[in-house]
1. Could you tally the net charge around residue 82, taking each other residue with its Cβ under 13 Å from the Cβ of residue 82, Lys/Arg +1 and Asp/Glu -1?
2. Helix 11-35 versus the longest principal axis of the chain: what is the Cα-based angle in degrees, 0 to 90, to the nearest 10?
3. For the range 1-98, what does the alpha-carbon gyration tensor say about shape, rounded, prolate or oblate, given a ≥ b ≥ c as the root eigenvalues, a/c under 1.5 as rounded, and a/b over b/c as prolate?
4. Tilt of helix 148-159 relative to the longest C-alpha principal axis of the chain, in degrees (0 to 90, nearest 10)?
5. Simple spin-label model, 7 Å along Cα-to-Cβ: residue 113 to residue 154 in nm?
6. Identify unpaired cysteines across the chain, taking unpaired to mean no other cysteine Cβ lies under 4.7 Å from the residue's Cβ.
7. Using +1 on the beta carbon of Lys and Arg, -1 on that of Asp and Glu, and nothing else charged, what's the dipole of the range 11-159 about the Cα centre, debye to 20?
8. Order the peptides 61-70, 127-136, 26-35 from the highest to the lowest mean number of other Cβ atoms within 10 Å of their residues.
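Quick note: the coordinates plus some simple rules give every number you see, no bench work behind them. Computed from a predicted model, the values in this text were never measured in an experiment. Positions of Cβ are generated from backbone atoms using ideal geometry, with glycine treated the same way; all protein chains shown enter the neighbour counts.
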Amino acid sequence: MSHAPSDPSRWRDRIALAALASAGLLVSGYLAAYQLGAVAAPWDPVFGPASSARVLHSVVSRLLPVPDAAAGAAAYAVELALDLVGGAERWRTHPWLVLAFSAVAVALGVAGVALTAVQVLVVRAGCTLCLCSAALSIAIAWAVVAGDELRAALKTVSAGAGERGHARWR
């Protein structure tokens, strides 16, 4: 018989995810700076700056009203904030924080997979830092889905067992 761990929102795990999200924020911020013209050429030791530039100026990268890397940086910032907010028992007292964080993490992971596929299959060019950002997103999503915090928050919500006998959704 399995039972929920005593501390599914443990800081050790959350700090590790925050470090990954911070790295993603830095990488995406740099790529956005290039897309906005603040950086002359993208750094790329594997595929080269010209290949990265093709990816970063592709039709797909311009589908949003802002550069896609800027949207990614904003998403990483939201992910980071949602990871760090709330106490050690947020899975029980504020399960919506955990669910929101998990939703953002999974969405970023799916976006990372999709953008990697687009890079390879549509643009037919490579961007090392884009792939690094995708890898960070996928790693965070994997850790969130495989971790204890999401399961504990889902149990709290489904059982209706918050502070006063029901989950807190405020």
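1. Result for the local shell: -1.
2. For helix 11-35, the angle is close to 20 degrees.
3. prolate
4. 50 degrees
5. Here the modelled spin labels are 1.5 nm apart.
6. Taking the Cβ cut-off of 4.7 Å, the unpaired cysteines of the chain are 132.
7. Computed charge dipole of the range 11-159: roughly 140 debye.
8. Ranking, from highest mean packing down: 127-136, 26-35, 61-70.
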